[in-house]
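No lab work stands behind these numbers, since they all come straight from the coordinates. Small disclaimer: the values here were computed from a predicted structure and weren't measured. Positions of Cβ are backbone-derived with ideal geometry, glycine not excepted, and every protein chain shown enters the neighbour counts.
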Amino acid sequence: METVDGTTETVIEESTIYTREEFRTIDVGAIMRDGHPDITDGDLLIVERVAARRAELGRPLTVMDVGSGSGVLAGMIADRLPDCRVIANDVARNPLEQARDRLADKPGAEVYGSPFEQWQEPLDVMISWGSHHHLPHNHLTHARQLLGEHGLLILGDEFCPEYCTPEDAVRLKSAEVIELGGGYLLASDEEIAAYRKDGSVPEWSRELETRRRKTLWNWYKFVIDYAIERDNWMVAIAEMQITKDDVVTSFEEEHKLSPLIVEHELAVNGFQQRAKHVIGDREPALQSFFVYEFTVAAAEGPVAGQGRQ
Ligand SMILES: C[S@@+](CC[C@H](N)C(=O)[O-])C[C@H]1O[C@@H](n2cnc3c(N)ncnc32)[C@H](O)[C@@H]1O
């Protein structure tokens, strides 16, 4: 997600639960698979989608899991597709060490421990699983370059359950850009200029943010109850911290947006949606996990938003 003040490019070291001292000895990726809804189902779905791509192209693939955490998903893909090169990529010290251990005995798997933006080799499949809303603003431009016209982006995330109305959808459709300013959604160059000038934010963006926070609160209560029912207090405590991070509007390192907004973000960054999968057979207010497949859109003149990245 691009922000208008350019503050999100720094790596998130020491700012989220993945790097906090109290979680140093904990494999957060592993405990989340036990005490958090939908993550394991998402793992299984993504492994199947990568296998389908392997079958579709009929050759071994280079697959990178960006923001892989401790490498649970990368390990599953390496086991399922032993002829593929599977790269687990993260930047935080603890998950990186855990990923190195987890992948050590898998010949096709490796770990890349620098920011994704520094990786330069082409990719057949890029996965971001739970990572999109943590990655720096320019990562989609970089992803587009690495994937080229035949690459596939599998973007799965814990979104804020949908809070956009049909009227919001109409407004988003004409968005020139999708950016955050102090945590508020800005959708045109004019709105960005006004925010930069004096911090002003459109009334629409404030209303969206109010709905986002309330929708998140409902979702996180469900997630924390789910963990406590399973006696998984580590996940419950982690999620309480994540809840606080997320409902603080200006804390953009943890800022879940609605699926519709992210779909438009991908569109203005030159990606074409190929598939959308929802995880969790529940009412929409409790549907947070979506897995998308995107390809790079055929160039038809300049991509909106490209010049500013
Ligand atoms: C929510 S976690 C992802 C969980 C993980 N995908 C899993 O399946 O367990 C987000 C991860 O993104 C990583 N991250 C943040 N910025 C990054 C960057 N620029 N390049 C690579 N990874 C990054 C963080 O260190 C963190 O481990």
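Measuring against 21 Å, Cα to Cα, the residue pairs Lys256/Lys276; Lys221/Lys244; Lys173/Lys276; Lys244/Lys276; Lys173/Lys197 contain Lys244/Lys276; Lys173/Lys197 as the ones spanning a longer distance.
Close amide-amide hydrogen proximity is noted between Phe271 and Ala297, each under 5 Å apart and 5 or more residues distant or on a separate chain (H modeled in the peptide plane; Pro and chain starts excluded).
For the pair Glu97 and Asp189, the difference between a 0.36 nm per residue extended length and the Cα-Cα distance amounts to 28.9 nm. A dipole drawn for the chain from +1 and -1 charges on Cβ atoms has a positive end, and of Leu185, Phe271, Val247 the residue lying farthest that way is Phe271. With a cut-off of 13 Å between beta carbons, the residues surrounding Asn89 carry a summed charge of -3, where Lys and Arg count +1 and Asp and Glu -1. Taken as entire DSSP H runs, the helices of the chain that both span 18 Å or more between Cα atoms along their own long axis and average 0.0 or more on the Kyte-Doolittle scale are 39-57, 233-247. Charging the Cβ of each Asp and Glu at -1 and of each Lys and Arg at +1, and nothing else, the dipole of the chain about its Cα centre rounds to 400 debye. Put the Cα centre of the stretch 51-74 next to the Cα centre of the stretch 172-208 and the gap is 35 Å.
Grab the other residues whose beta carbon is less than 12 angstrom from that of Trp219, score K and R as +1, D and E as -1, and report the net. Intermediate results must be reported in sequence, preceding the final value.
Details: positive: Arg212, Arg213, Lys214, Lys221, Lys256, Arg282; negative: Asp38, Glu158, Glu162, Asp225, Glu239, Asp246, Glu283.
Taking every other residue near Trp219 into account, the sum is -1.
In this simple spin-label approximation, His150 and Glu203 carry label points 7 Å from Cα along the Cα→Cβ vector, and these lie 5.3 nm apart.
Neighbour counts of other Cβ atoms within 10 Å put Asp189, Asp198 in the fewest-to-most order Asp198, Asp189. Here the scattering of the chain is modelled by Debye summation over its C-alpha atoms, one equal scatterer each and no solvent; at q = 0.06, 0.15 Å⁻¹ the log10 of I(q)/I(0) is -0.18, -1.28.
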